[in-house]
Amino acid sequence: MATPPEKSEDSQQPRVHVDAVLEPGQPIPKGLKRYVPVVVIFLGITIFFVGGFQDLLSFKSLSENYVDMTAWAQAHQMLAVAGFILTYVVVVGLSLPGGMFLTLGGGLIFGGLAASLYVVVGATLGAAAIFLAARYAFADLFKSKAGSSLSKMENGFRENAFSYLLFLRLVPAFPFWLVNLVPALLDVKFSTYVIATFIGIIPGTVIYAHVGAGLGAVIEKGETPDLGIIFEPHILYPILGLAAISLLPILYKKFKG
């Protein structure tokens with residue numbers, strides 16, 4: 001009597017539809033990408049409050065806590081830098097008030113030059129996060145929030161998005177949070193937005209970070225810092241000059257046309 005042929009190992013194994021599994025390195029589905037900025041901001045909020053970084057957002061808090069914060073930052077340098085940058089991402093990403101005091105605090109804790117770098121990186125990442133959220137996740141909500149300002153800035157972005165955005169970063173004619181949203185709603189290229197933001201916020205950041213670097217002596221004397229220093233002629237005029245230069249491509253195009 002013939003025996004039935006044995007089943008091979010391959011035939012005994014259940015077949016798995018590998019197409020349904022997301023392999024390592026496979027792109028994230030488009031439906032999930034839109035929520036990545038939201039997740040990043042949510043994680044930032046958690047670390048922001050758990051780490052107590054809200055203490056940096058007022059001059060009073062800085063005055064009361066800067067000795068302890070400086071000592072902690074010196075003992076945990078990498079963690080302090082990461083926490084500070086992430087805090088700035090959250091503040092910018094959620095359009096929270098207090099960014100100026102955060103810059104001052106960074107200068108006080110890390111020194112003017114290092115704080116300038118950390119602030120520019122954190123602010124650019126936060127602006128990038130809100131840009132992506134506005135474009136892909138909450139476009140309708142942010143359009144209503146931007147209101148009539150959308151049409152006011154539209155022509156400038158249509159003429160030359162990079163030059164106009166650089167001008168708006170150098171000279172805050174509109175609130176920072178609004179300048180974060182409008183380019184996303186007007187289909188400005190992400191790379192253009194990031195580069196113009198990074199360059200445009202450097203001058204103001206460097207000024208306030210270096211003011212913060214000398215804040216310890218001001219606090220010890222019981223005084224308050226001169227936050228209007230940016231309006232001093234020797235500081236304001238060079239910034240206005242840079243802003244005027246940023247508009248040259250737009251003016252050239254208008255005269256040429």
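Please treat every number below as a calculation from the coordinates, not as lab data. This one's a predicted model, so the numbers in the text were calculated from it and none came from an experiment. Reconstructed Cβ throughout: ideal geometry from the backbone, glycine too, with neighbour counts over all protein chains shown.
Between PHE42 and VAL121, the distance separating the two model label sites (each 7 Å from Cα on the Cα→Cβ line) works out to 2.6 nm.
Sorted on the mean count of surrounding Cβ atoms within 10 Å across their residues, most packed first, peptides 179-188, 60-69, 82-91 read 82-91, 179-188, 60-69.
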